[in-house]
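Notes to accompany the following structure.
What follows is calculated from the coordinates using simple rules that are stated; it is not laboratory data. Everything numeric here is computed off the predicted structure, so don't read it as measured data. Note: ideal-geometry Cβ built from the backbone for every residue, glycine included; neighbour counts use all protein chains shown.
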Amino acid sequence: MYRLTFLLLCIPVLISAQDGPRNLLSTDLTVEKVAADLLPIDNWHYFPPTSDRAAWEGLPAAVKESIISRGDEALSFEWPNLPASVYLEFARNGNRSNYQAIYFERRSRLADLVAAEALTLSGKYLDQVIDGLWAVTEESSWCIPAHLYLQANGHTPLPDQQGEVVDLFAAETGTLVAWTHYLLHDQFDAVTPAINARIKSEMDRRILEPIRNRIDFWWMGLGERKNVNNWNPWVISNWLTAALLLERDPQYRAQHVHKAMVCLDNFINQQPEDGGCDEGPGYWGRAGASLFDCLDILHSASAGRINIFDEPLIRKTGTYITKAYIKQPYYLNFADASAMTKPDPITVFRYGQAVKDQDMMSFAAFLNQENGVNFGGSYAFGRTLNSIFHYQDVLDATPAEPLPANAWFPDLEVYIARDQDNTADGFLLAGKGGHNAESHNHNDVGNYIIFYNGRPAIIDVGVEEYRKETFSSDRYSIWTMQSQYHTLPTINGQMQKNGRNYAARSVQYDADGKSMRFSLDIAGAYPQEAGVKTWLREIDFQRGKAIDITESYELDRVSGETSLFFVTPCQPQTSKAGVLQLRDASGAFTMALEYDPKQFEASSESITIEDRRLLSVWGDTLYRVQLKLKNPREKGVLEYGFRVE
């Protein structure tokens, strides 16, 4: 186990693809400067304490009713066991869902009870809060089974007790416990001081000491692994909360915040200049939005002295979510992101407020109008408390959908194009270049999706429920990760390969009021066995008319079958030679996939969906269309396109 001594603090910061690290937070930063910037622990009130009865009792009626309702429901909750045998299921058969279901329900019920007791201070919920808190603090580990690889001694079927692991959900649990203490510490002391003493002891042992003393948690970006992802701001937002609320030693408190800021810069340094999220909008809520959580906590805890909200990159990271929106309930969904997601309206609004972006604030009001706001039922208690105290702000905003005609992320090499501005009517086309080592990667260089009138026609399937194989060397044995289940060719029988070197080349983008054109060479995404020298994909989107694709290729040899693949929720039907009809089940469109029957042999197959995550998005059946080259040659030009009948 690596140890870190703060008296000799010298932490390397990841150098980004820019001309050196940005280090927006940590340039010339010292522990002493952080200590001077921070408010004293007893003066920091990110949320009103329960002694501020005006703040709690002045909440909107709908918020208070929801809190009471959830609290009352949780009064009869019997705290379930978390048996070792259920923990072992991940090691034995790859199932992580059974353990997590119990684990997260415990936490969401505890959060609901804490909110109800904080609102009422009636004592009605207090014993059940204590029971839940005691159950959580008695757990052998706050780390879920899938994340035990973070142990200093490596992955074991059960926690090895040789050192605490701080993963995403240990960190979230720490925040839940910290806010519970902040809101109800006086009530606990009235029962017995042992409760607050237990909270402090468990938080020191499980969260604060491991994070303060170790640099080998990969999500920090301080050890051998430098590339970080959404884990970094997600964990750090919880780490900051716990340290700022519970660490009473001013020097240790400043050391925690200093280290957190250095680690957070490792995420910011990797952010592309375009502000895009390579994990997709489904992960933005715990990537860009968690970055906002961190920055907002730092801003608040320093009375505004720590503030980088005026940095263009921070604004772009926020506005990404407005550009990745398709039409309720759909979002751009490359990589593991789901085609359906529900960004938290409160977080979107507050991020927009911080960076002064009206589109984000209006979008947040629209999201609230469409999906509402949850005031409980979540293990993420910090986000719940933000919903409770900032709901009125969203209610007061004017709702609007962000429907730009064009969005282009040059660093991600991702584009989105509509028939026209400010409407979801007609075509929407989105696609990507990039490489095959992106976070939550699928082998999908050159992939594109098509919607019409806000409904899906050609899709990216997304990802199934996580299991053992999802984040292992067997990842690309899963069908949803493979290029042959994306809008891509299989060349000489070869699919795309995973790895940073498997990437797009010669990417070109151009858009005006009448058209959008995108081209790239995807040959570099295929292994040597494919024998492909160049495969230039050119997409010509004539707004309001059609999408035409030209594939110009050159091979070393013809050694296997070459086909184009498309996945669709619409059952394909042949209307005549060279035309496949894709009819939307809701009647929103009938789209024609037009191709040259002399070049291609068309076929389709149904894909039965049994996975719960995919079922909730696509239903029980998808279809894969194959356009197989009839007479493959070493060099050729293929043409096909999409029109609405």
Sequence-separation-based contact order of the range 51-214, relative, with Cα cut under 8 Å and 6+ spacing, percent: 21 percent
Under 14 Å from a point placed 7 Å out from the Cα of Arg225 along the Cα-to-Cβ direction: which residues of the range 429-469 have their backbone N that close? 438-441
Over the chain, what is the mean sequence separation of C-alpha contacts under 8 Å (at least six apart), divided by residue count, expressed as relative contact order in percent? 11 percent
Can you list the residues of the range 627-645 with backbone N under 20 Å from a point 7 Å past the Cα of Arg505, pointing along Cα to Cβ? 633-638
Between the helical axis of 288-301 and the dominant principal axis of the chain, each derived from Cα atoms, what acute angle in degrees is found, rounded to the nearest 10? 30 degrees
Trypsin sites (Lys or Arg not before Pro) restricted to DSSP loop in the range 368-437 with at most 11 other C-beta within 10 Å: none
Roughly how tilted is helix 345-355, in degrees to the nearest 10 and between 0 and 90, from the longest Cα axis of the chain? 90 degrees
Treating the angle as unsigned and between 0 and 90°, give the value, to the nearest 10°, between the Cα long axis of helix 312-323 and the longest Cα principal axis of the chain. 60 degrees
In debye, nearest 20, what is the charge dipole magnitude of the chain about its Cα centre with +1 on Lys and Arg Cβ and -1 on Asp and Glu Cβ, if you could check? 800 debye
Helix-only [θ] at 222 nm, the chain, -39500 (n - 2.57) per DSSP H run of 4+, per residue, nearest 500, equals -10500 deg cm²/dmol
With +1 on the Cβ of every Lys and Arg and -1 on the Cβ of every Asp and Glu, and nothing else charged, how large is the dipole of the range 51-131 about its Cα centre, in debye rounded to the nearest 20? 320 debye
Nothing charged except the Cβ atoms of Lys and Arg (+1) and of Asp and Glu (-1): what's the magnitude of the dipole of the range 406-644 about its Cα centre? Round to the nearest 20 debye. 240 debye
(i) 183; (ii) 213; (iii) 154, with the label sought being that of the calculated volume of the Cα convex hull per residue in Å³: (iii)
Determine, for Thr608, Thr50, the number of other Cβ atoms within 10 Å of each Cβ, and report the residues in order from fewest to most. Thr608, Thr50
Positive end of the charge dipole of the chain (Lys, Arg +1 and Asp, Glu -1 on Cβ, about the Cα centre): tell me which of Gly446, Tyr351, Cys570 has its Cα farthest that way. Gly446
What length, rounded to one decimal in nm, is gained on full extension from Leu615 through to Leu39, with 0.36 nm per residue of separation minus their alpha-carbon distance? 202.5 nm
Taking +1 at the Cβ of each Lys and Arg and -1 at the Cβ of each Asp and Glu, which of Asn374, Leu133, Leu429 sits farthest along the dipole of the chain towards its positive end, judged by Cα position relative to the Cα centre? Leu429
In the range 113-204, the GluC sites (Glu not before Pro) that fall in loop regions by DSSP, at most 14 other Cβ within 10 Å: Glu138
Give the residue list of trypsin sites (Lys or Arg not before Pro) in the range 240-336 that are DSSP loop and have at most 13 other beta-carbon atoms within 10 angstrom. Arg248
Report, for the chain, the % of DSSP beta bridges that are antiparallel, rounded to 5. 100 percent
Would you work out which of Leu264, Val191, Leu148 lies farthest towards the positive end of the dipole of the chain, given +1 charges on the beta-carbon of Lys and Arg and -1 on that of Asp and Glu, about the Cα centre? Leu148
